[in-house]
Amino acid sequence: TKHENDGGTVLERQEAKLKPPPMYQVLLLNDDYTPMEFVVAVIQEYFNKDRETATQIMLKVHRDGKGMCGVYPKDIASTKVELVLTHARKAGHPLQCVMEEA
Ligand code: TYC
């Protein structure tokens, strides 16, 4: 909120103190066993990417060892990691998904 004193000087209050929440990258890690097609489907379904973008991200992970799927507030990033890991384990794949502060 802005406040004015008698001379009309504008004083900044709360909004000058409120920092945006920290954001977290959600990363997929490469492994030798999870099928490429499974990874592409995960990126499409959990990170709302189209098939072409998902394929590019998967290939980057495959080549570089890790790759970013999205950046989210902490609770959303944490939930995505949990959902991806549960989905992968249920399918019997060792896919790893982690979050780190952006
Ligand atoms: N390296 C895997 C393969 O050759 C594919 C893969 C890509 C696995 C990305 C995990 O996060 C991953 N089948």
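The values are calculated or read from the model by the stated rules, or taken from the named source; none is laboratory data. For clarity, every value in this text was computed on a predicted model and none was experimentally measured. Reconstructed Cβ throughout: ideal geometry from the backbone, glycine too, with neighbour counts over all protein chains shown.
Assorted remarks:
- Against the conditions (1) within 14 Å of the ligand (Cβ to nearest atom); (2) farther than 20 Å from Ser78 by Cα, Lys17 satisfies every one except (1).
- Those residues of segment 61-75 which are under 16 Å from the mean Cα position of the chain (by Cα) and closer than 18 Å to Asn30 by Cβ, in sequence order: Val61, Lys66, Gly67, Met68, Cys69, Gly70
- So Gly7, is it of a type outside the set (Ser, Thr, Tyr), in a loop (DSSP other than H, G, I, E, B), modelled with pLDDT of 95 or more and surrounded by fewer than 10 Cβ atoms within 10 Å (Cβ to Cβ): no
- Cβ pairs under 8 Å, 6+ apart, first in segment 48-73 and among the small types (Gly, Ala, Ser), second assigned to a strand (DSSP E or B) and within 11 Å of the ligand (Cβ to nearest atom): Gly65/Leu29; Gly67/Leu27; Gly67/Leu28
- Number of residues in segment 86-98 that are more than 10 Å from the ligand (Cβ to nearest atom) and within 10 Å of Val42 (Cα to Cα) equals 1.
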